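Just so you know, all these numbers are worked out from the coordinates, no wet-lab data involved. On a predicted model such as this, the values are computed, not experimentally measured, just so you know. Neighbour counts run over all protein chains shown; Cβ positions are idealised from the backbone, glycine included.
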Protein chains: 4
Amino acid sequence: MAVRAAVAGASGYAGGEVLRLLLGHPEIEIGALTAHSNAGQQLGASQPHLAPLADRVLQDTTAEALAGHDVVFLALPHGQSAAVAEALGDDVLVVDCGADFRLRSADDWTAFYGSEHAGTWPYGLPELPGHREALRGSKRIAVPGCYPTAVSLALFPAYAAGLAEAEAVITAATGTSGAGKALKPHLLGSEVMGSMSPYGVGGGHRHTPEMRQNLSAVAGEDVTVSFTPTLAPMSRGILATCSAKAKPGVSAASLREAYEKAFAGEPFVRLLPEGQWPTTAAVHGANAAQVQVAYDEHAGRIIAISAIDNLTKGTAGGAVQSMNIALGLPEELGLSTTGVAP
Amino acid sequence: MAVRAAVAGASGYAGGEVLRLLLGHPEIEIGALTAHSNAGQQLGASQPHLAPLADRVLQDTTAEALAGHDVVFLALPHGQSAAVAEALGDDVLVVDCGADFRLRSADDWTAFYGSEHAGTWPYGLPELPGHREALRGSKRIAVPGCYPTAVSLALFPAYAAGLAEAEAVITAATGTSGAGKALKPHLLGSEVMGSMSPYGVGGGHRHTPEMRQNLSAVAGEDVTVSFTPTLAPMSRGILATCSAKAKPGVSAASLREAYEKAFAGEPFVRLLPEGQWPTTAAVHGANAAQVQVAYDEHAGRIIAISAIDNLTKGTAGGAVQSMNIALGLPEELGLSTTGVAP
Amino acid sequence: MAVRAAVAGASGYAGGEVLRLLLGHPEIEIGALTAHSNAGQQLGASQPHLAPLADRVLQDTTAEALAGHDVVFLALPHGQSAAVAEALGDDVLVVDCGADFRLRSADDWTAFYGSEHAGTWPYGLPELPGHREALRGSKRIAVPGCYPTAVSLALFPAYAAGLAEAEAVITAATGTSGAGKALKPHLLGSEVMGSMSPYGVGGGHRHTPEMRQNLSAVAGEDVTVSFTPTLAPMSRGILATCSAKAKPGVSAASLREAYEKAFAGEPFVRLLPEGQWPTTAAVHGANAAQVQVAYDEHAGRIIAISAIDNLTKGTAGGAVQSMNIALGLPEELGLSTTGVAP
Amino acid sequence: MAVRAAVAGASGYAGGEVLRLLLGHPEIEIGALTAHSNAGQQLGASQPHLAPLADRVLQDTTAEALAGHDVVFLALPHGQSAAVAEALGDDVLVVDCGADFRLRSADDWTAFYGSEHAGTWPYGLPELPGHREALRGSKRIAVPGCYPTAVSLALFPAYAAGLAEAEAVITAATGTSGAGKALKPHLLGSEVMGSMSPYGVGGGHRHTPEMRQNLSAVAGEDVTVSFTPTLAPMSRGILATCSAKAKPGVSAASLREAYEKAFAGEPFVRLLPEGQWPTTAAVHGANAAQVQVAYDEHAGRIIAISAIDNLTKGTAGGAVQSMNIALGLPEELGLSTTGVAP
């Protein structure tokens, strides 16, 4: 019997990607699609690539519209998930693609999001130690942020193996879809094409405390994160360049071993052969992360780099992967690690 | 029992796309992968996006390597398919992604390709009248060129309904993957990004006689084609803007009707709702064509526009679709009309 | 003594490009800069590339702010130029980058712009027969549209020499800056990158009557124009692919001769050597047009292709060129034909 | 009397950009243009954007061809400059855009370039303390690498003011023109568009010792540099994200003061207003650097970011700026800080 899934926020980029993946998922039947300003329109107007759903009409995002499903994906602006989830009840699996339930620290939440902390749900990054287990049978999932997904996958093996000092320095480049469909001047094609630009410099990006939370948990000590995001002239993809000072005795071989161990058996993370480096093109549209690590001997630093698709493994793919685990389905069901390239 | 498929030319763009689709095909088991200059390498070195096949080693393209399969896809330079096909024998389904067996006219072949005509195979554009039937049970398939696919789908309904004069004027924009992986200066990223440029102007493009052949067959008279291809700053996609003078009495309504009739029941072609126009992004990675048609009343012309992914519906997707028909499998098996966007 | 110039609409793309060129013009002193929603801000906030003017504060667009200059450039939304020009008086050179005074036909204006016709000013495309003379000493200049600039330069020599039938079929690709800074969903970087899409298909684009006006005047008969614009994934540039049936007796040689004659001595148009085709990259940021022409013998059609930068030769460069002529300055002053490439 | 300049390597990207700038330089007369594989061709074939020089024929790169000029720009592969410079004699100003004479340490040269050290010439980054003076009257100039230009401008003020610890962590994104016109698969447009990828990770990039040299000289102690370059989907531009631990007592205010002091009076470097961040688009084609600095209080790190055009301020613009100084011309002559945007 098919699992019925609804998507709230179906006209945005995250909601659209959830639908793209659900269309290829053999156990899912797509139910209600809701939106805010696009309610009443056919989905094909805002998501012309979702051809099989083009004629479906978007409803208003209400508890009534979302009722009667087994799974509800929320792709809503920050701060709106708690009320919707409460109305849906405890028997429905609610998968929140937003930030509301990611952080454990209420102080961090208030400092970075400026509102009251809604709570903490099981965190949908199964590759992190302990998280896969916590997702099994859960009725609530907090899908990680796209940057924290890329950064955590790149760095956690070094922290898990005790190889890295507790100060991480991270620069990441993202495609513009990470900023959503908001009509802001700096997101216009004319501004973006041919240009690289940073934003949220100096510690202000909201994904910083989430990275800190993930890496500190693995390291068993507080990890400081200095994170600089940059906007790149591409629609999709995150390339995260992560760096930390190596602890004494670290070598290229011990690093390699730690990363091989961390990702052994992981279906969606590929530690590349030595000498090959991640590219975002290779994971375009795939629920996949490419990871590589190097030891910069002169500087005594670990350089770990990951590439993901911000919308797939960074959002909707991670959401479906975690849904599979929560529902007891095979983790890889409906998800592909094959990228669309060139 | 799975169908065993081999791919010759697996390190190129066409071969890589065939493999990407075969990886998602439930009835296919991927057999030998062969290449020329990359033989001996792991596939992951040239096709890092094909993660599930990354460790597979490329063999030399020989009859021995390709023997023992049910289907062999050829993604080879022009002129090499005939010899390979002959060596494979008549029991194997040979799907040629190259041009060798597309043209019926030996004169056209010689004029545009400069060598002896190898022959003509059933033509893998099932949407054209009569072609689906010809593919059933065939052991040989000539996959259409990417431009002829886009142009034929855009214009054939007008000719089939007798609405268009026999002189077509066509401009198409293609992504750079249409030119393959050849190392030519004008295909460098530095040259391509931020630039539009035409090529093969004045009737010289090799796809011109193929368009002429397709449109003339449908029209029942010789259709003249004036075709100008342009290179666009994107990796994938073809947008074909096709125009022909309308015959007397044509109206927007009669055009709409002709196109609705031509594509009724077609699984991979979507005539867009009135007022919506094709975009290549919407069919990125999909075995899908978006088509729209308008009547330019002032000029008395029919304007038909199609968007496809040159590598998918324009090459590898069309190949797999035709293979499904030839093998008696459901035509849509393993193929998706959902694009990867944004 | 320097010529004092003001720019109304200085925070938009057209106004910004006018300023970029005026900064390099040896006879111009930049005076008032005005804007609408950005008034009160420093120019550097909206135009960070105009470093020498970064600290200049934008004023409201009023007659007072624009008074006291020798030249006023208007880069305003359609319909606003007439009132401003009237307030400035007859002694000031007013250069309108908008559409208000381009069309001679009041019927065309009303049909395509939906308001009352404001009048007709000398048309700033000096390369068209008779226009350079009309601009000398004029106090009013209507800067041509970007598409009409590209298309007229590509086709007028064929019409001037009586080589082309009076039905033109045109497809053009433009960079996104042609659509301005308007915050529309389809202009977001995420939507534009990797995608080609048409718009205004079937005769509806507002630049169509302007092309018709230009080509008909040269041809001495009514030229029908079927024009399809497409949006390309680049910030700047127009590639216009223009086609018309050749009159009897036309040859490649007679075409070449006509084009050589038409552009002899023109400082800003370059007829490329035979076999070389225009690219938009080659004229990026330059007040230059590249033109090439071919005879498609099989189809009996003339194919003329031009490349310009829509913001430079297509708007601001054409404006400064015409200003030079109107003021009696050397036509090439402050203008370069060197593109910024790659 | 004009200064006669020759350019060796005129068909490449660096040589082309030198010519683009020289065309706008009021004191320069462009003499011989030489090339290697393109010798004998017209310049317009390889550099179609340099319209005023399109008909100039490229000569072979020989001492004879380059003789008789006041200035010779060398844009040659590494290792070829010494022999050419020697043949030209001591009276000619030789400006080497290659790496041969940048490094003071012969050991660094051999370790990173694998050949014998040719020597050290005055280093063409006038903004670094002491360098402007060393360039005055010099007959030899080593033009800095593009990355070292961006990184040194971003970080030297922090080191000059004693605010930063001696370990720098740097990630930079470059446009593809930084890799030149070499025909390599990973530089094809199909591979580059839509993709970010790192290279030379772990300390191996040849620009690393040059950064170390510059920052150490300013700091007065050995500065360790951990540098990760990434390739971005754009033709031009470098965005350098540079980070170092702050020394005790550092504040946002002390950082701001140090940067204001370092760039006071510098014509080509703009410290942006607080809250505004560099973008590569803003300096496209300009001999300009945008710099901004922030203090990441939580992590205790200085984040300094710069944007340049790799071909302009990063290569050819820096070369012309240094030439101006060496010849006793005004430093800003023929150089613009206005970018071509959007």
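Annotations
- The range B:220-254 versus the range C:61-101: alpha-carbon centroid distance in Å: 42
- Averaged over the residues of peptide A:299-310, the number of Cβ atoms from other protein chains lying within 10 Å of each residue's Cβ is 4.
- Straight-distance candidates among the aspartates and glutamates for linking to residue C:181, with alpha-carbon spacing under 14 Å and chain neighbours fewer than 8 residues away dropped: A:191, C:17.
- Along each principal axis, Cα extent of the range C:147-308, largest first, Å: 49, 30, 28
- Inter-part distance where the range D:1-57 and the range C:286-333 are each reduced to a Cα centre, Å: 23
- For the range D:147-308, a simple Cβ point-charge model (Lys and Arg +1, Asp and Glu -1, everything else neutral) yields a dipole of about 440 debye relative to the Cα centre.
- Length released on extending from residue A:182 to residue A:297, taking residue separation times 0.36 nm less the Cα-Cα span: 37.1 nm
- Vicinal HN-Hα couplings computed from phi for the range D:222-239 (Karplus, 6.51 cos²θ - 1.76 cosθ + 1.60; Hz; Gly/Pro x): 5, 9, 7, 10, 10, 10, 10, x, 10, 9, 10, x, 7, 6, 10, x, 10, 10
- Residues considered: D:305, D:238, D:28. Largest GNM mean-square fluctuation over chain D, using C-alpha springs under 10 Å, is found at D:28.
- GNM flexibility winner over chain D from D:75, D:14, D:264 (Cα, springs under 10 Å): D:264
- Average beta-carbon neighbours from other chains, 10 Å sphere, peptide D:166-177: 6
- Size of charge dipole - the range D:192-284 - debye, nearest 20, with Cβ of Lys, Arg +1 and Asp, Glu -1, no other charges: 160
- Charging the Cβ of each Asp and Glu at -1 and of each Lys and Arg at +1, and nothing else, the dipole of the protein assembly as shown about its Cα centre rounds to 0 debye.
- Ellipticity estimate at 222 nm from DSSP helix runs (n ≥ 4, -39,500 (n - 2.57)) divided over the protein assembly as shown, nearest 500: -7500 deg cm²/dmol
- Residues of the range C:88-110 with amide N under 15 Å of the 7 Å Cα→Cβ point at residue C:67: C:88-92
- The alpha carbon centroids of the range B:257-281 and the range C:162-179 are separated by 26 Å.
- Shape index of chain C: Rg/Rh, with Rg the Cα radius of gyration and Rh the Kirkwood radius from the inverse mean 1/r over Cα pairs, equals 0.96.
- For C:15-23, mean number of other protein chain Cβ atoms within 10 Å: 2
- Surrounding net charge for residue A:2, when Lys and Arg each add one and Asp and Glu each subtract one, Cβ distance under 11 Å: -2
- Across the identical copies, how the residue A:83 labels are spaced - nm, sorted shortest first, 7 Å along Cα→Cβ: 4.1, 7.2, 7.7
- In summary, the lysines within cross-link reach of residue D:261, defined as a Cα separation below 29 angstrom excluding same-chain residues under 8 places away, comprise D:245, D:247, D:313.
- Within the shell of other residues whose beta carbon sits under 10 angstrom from the beta carbon of residue B:85, the net charge comes to -2, with Lys and Arg scored +1 and Asp and Glu -1.
- Residue C:260 versus residue B:222: modelled label distance in nm, points set 7 Å from Cα along the beta carbon direction: 3.2
- Largest first and in whole Å, the equivalent-ellipsoid semi-axes of the protein assembly as shown read 43, 43, 32, each the square root of five times a Cα gyration tensor eigenvalue.
- Debye log10 I(q)/I(0) for the range B:1-140, one point scatterer per Cα, at q = 0.14, 0.20 Å⁻¹: -0.67, -1.24
- Inter-probe distance in nm under a simple model that places probes 7 Å from Cα toward Cβ, at residue C:4 and residue B:83: 7.9
- Residue of A:219, A:299, A:154 that the Gaussian network model of chain A assigns the largest fluctuation, springs spanning Cα pairs under 10 Å: A:299
- Computed Kirkwood radius, in angstrom, where 1/r is averaged over Cα pairs of the range D:214-342: 16.0
- Between copies, the label points of residue A:186, set 7 Å from Cα on the Cα→Cβ line, lie 2.7, 2.9, 3.8 nm apart, reported in increasing order to one decimal in nanometres.
- Beta bridges assigned by DSSP with both partners in the protein assembly as shown are antiparallel in approximately 45 percent of cases.
- Copies compared at residue A:104 - label distances in nm, ascending, label defined 7 Å from Cα in the Cβ direction: 5.0, 7.2, 7.8
- The residues packed around residue C:262, meaning those with a beta-carbon under 15 Å from its beta-carbon, carry a net charge of 0 if Lys and Arg are +1 and Asp and Glu are -1.
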